[in-house]
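These notes concern the structure reproduced below.
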Amino acid sequence: MSRQYSLIDNLIAGADRALRTLTPGTQPVNREAPEPAVAEDSLSDKERKHAAGLMRVNHSGEVCAQALYQGQALTAKLPAVRAEMEVAADEEIDHLAWCETRIRDLGSRPSLLNPVWYGLSFGIGAAAGKISDKISLGFVAATEQQVCKHLESHLKKLPEGDTPSRAIVAQMLEDEAKHAHTALDAGGSRFPGPIKTVMTGVSKLMTETSYRI
């Protein structure tokens, strides 16, 4: 018989997840980072800095994903949807750890604004889950579609010699596309164009600031 968790239990678990998301080196990894097919080339200082900035953006995106899923899991009405959000969050943990490690390997650090992104994303996720599970799942799908666009652009922008980063981004792209399809198949709403336009604007703001800070 499965245990029924109270609101307090869920809040404590959520707080623990938030601390581990925002504290470097505390995320368990289920899958090792994908190995590049070709060995890494020597990168110039400029290329290394640019690659670190792009991977910092990707890491911030995964911080947002953790917060979004946790917020939705807290307010989701159907147990099956809540479980779906928690499974998705667990899969995203690998991405978070991969990006963090790669940023360090490139001689840089995660964005200083990650606590801000986490708080905002958690609030959005909780609000979406409060409205309805259909809206919540639709928001997941729309968000993952935005993430896929970013990852596709990063594959074009990353230095050709940075094969470790490129392998990570390629695997992330595959996983995020799967999450988007899963959310829609589970009954998520397809968001109209104007809402996606607003989401694109918010995503652009996060991208530009996380790249630098």
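The values are calculated or read from the model by the stated rules, or taken from the named source; none is laboratory data. Quantities reported herein were computed from a predicted structural model and do not represent experimental measurements. Cβ sites come from the backbone with ideal geometry, for glycine too, and all protein chains shown count toward neighbours. Ligands, DNA and RNA are excluded from the accessible area calculation, which covers all protein heavy atoms including side chains. Shrake-Rupley method; radii C 1.70, N 1.55, O 1.52, S 1.80 Å.
Hey, does region 5-16 have a residue that's modelled with pLDDT under 65 and of a type in the set (F, W, Y)? Among the residues of region 5-16, at least one is modelled with pLDDT under 65 and of a type in the set (F, W, Y), which makes the answer yes.
Please tell me if S2 is among the polar types (S, T, N, Q), at pLDDT below 75 and open to solvent by 50 Å² or more (accessible area, probe 1.4 Å). So S2 fits the description; yes. Return yes or no: is L106 at pLDDT 90 or above, open to solvent by less than 20 Å² (accessible area, probe 1.4 Å) and over 18 Å from L173 (Cβ atoms)? Taking the combined requirement at face value, the residue satisfies it. Condition (residue is at pLDDT 90 or above and among the basic types (K, R)) applied to region 51-69: is it met by at least one residue? Scanning region 51-69, I find at least one residue that is at pLDDT 90 or above and among the basic types (K, R), so the answer is yes. Listed conditions (1) modelled with pLDDT of 75 or more; (2) of a type in the set (A, V, I, L, M); (3) more than 30 Å from K46 (Cα to Cα) are all met by V147, apart from (3). Could you grab me the full set of residues in region 124-171 that are of a type in the set (D, E, K, R), in contact (Cβ under 8 Å) with a residue 60 or more places away in the chain and farther than 19 Å from S60 by Cα? E160, D162, listed by residue number.
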